[in-house]
1. Can you tell me the relative contact order of the stretch 3-178? Whole percent, Cα pairs under 8 Å, sequence separation 6 or more.
2. Could you tell me which trypsin sites (Lys or Arg not before Pro) in the stretch 30-74 are loop residues by DSSP with no more than 15 other beta carbons within 10 angstrom of their beta carbon?
3. Whole angstrom only: what separates the Cα centroid of the stretch 38-57 from the Cα centroid of the stretch 63-123?
4. For the stretch 31-124, max minus min Cα coordinate along each principal axis, in Å, sorted largest first?
5. Add -39500 (n - 2.57) for each DSSP H run of 4 or more in the chain, then divide by its residues: what number comes out at 222 nm, to the nearest 500 deg cm²/dmol?
6. Peptides 23-31, 140-148: what's the order by average Cβ count within 10 Å, highest mean first?
7. Return one quarter of the surface area of the convex hull spanned by the alpha-carbon atoms of the stretch 118-184, equal to its mean projected area, in nm².
8. Which label belongs to the value computed from this structure, given these candidates for Cα Rg over 2.2 N^0.38 Å: [x] 1.14; [y] 0.92; [z] 0.99?
Amino acid sequence: MSAAERLSRRFFARPADVVAHALIGQVLVCGERAGIVVETEAYLGPDDKASHARFGATARTSVMFGPGGVSYVYLIYGMYDMFNIVTGRDGEGQAVLVRAAHPERGIAGGPAAAAGPGKLCRAFGISRARHHGVDLTASPELFLARGSRVARARVARGPRIGIDYAGEWAPVPLRFWLAGHPAVSRAR
């Protein structure tokens, strides 16, 4: 992928739900590895009870309150790194979790290799130590590039996964996926 194909800061400076939908079909690149994004979840900022931003800017979440187009990588369950992209304008605290990608280059194991956010980070070699706080609009190693345009009718939408604690936010349809694709982490 060339720098000319890289997604710009303007792409990421939109609301998380808009970016989450628009990321379906784009290309995630990490070094020599690449794959097509097929599943995402939007986290809308401090009012979203499922978002890490609900606690405000902390040592862990301060990157979420910066400009769109920066990576937010965190550890969950003490064992899985999760790759997110900050979206919106500076100070809004929005992000998109990249849940799954279809491997295109440098990843063995077929569609299931990056089907789920923990598996995606392992398959792409994304880690907190190396990739947290990376400017995805400038990094030569970790970025998103223009992929194929996906017809709106092919993108399914439903509730996010594993956020039952979020009360009224739990059923909000902020998860997007390429309908019928084998790399999607959980079919609905």
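1. Computed over the stretch 3-178, the figure is 28 percent.
2. Here the trypsin sites (Lys or Arg not before Pro) that fit, given the DSSP loop and packing criteria, are K49, R60.
3. Each part's Cα centre sits 13 Å from the other's.
4. Principal-axis extents of the Cα atoms in the stretch 31-124, largest first: 39, 27, 20 Å.
5. Helix-only estimate at 222 nm: -3000 deg cm²/dmol.
6. Per-residue Cβ counts within 10 Å, averaged per peptide and sorted highest first, yield 23-31, 140-148.
7. Reported value for the Cα convex hull: 6.6 nm².
8. Of the labelled values, this structure produces [y].
FYI, it's all coordinate maths here, none of it is from the lab. Keep in mind it's a predicted model, so treat the numbers as computed, not measured. Note that we place each Cβ from the backbone using ideal geometry, even for glycine, and neighbour counts take in every protein chain shown.
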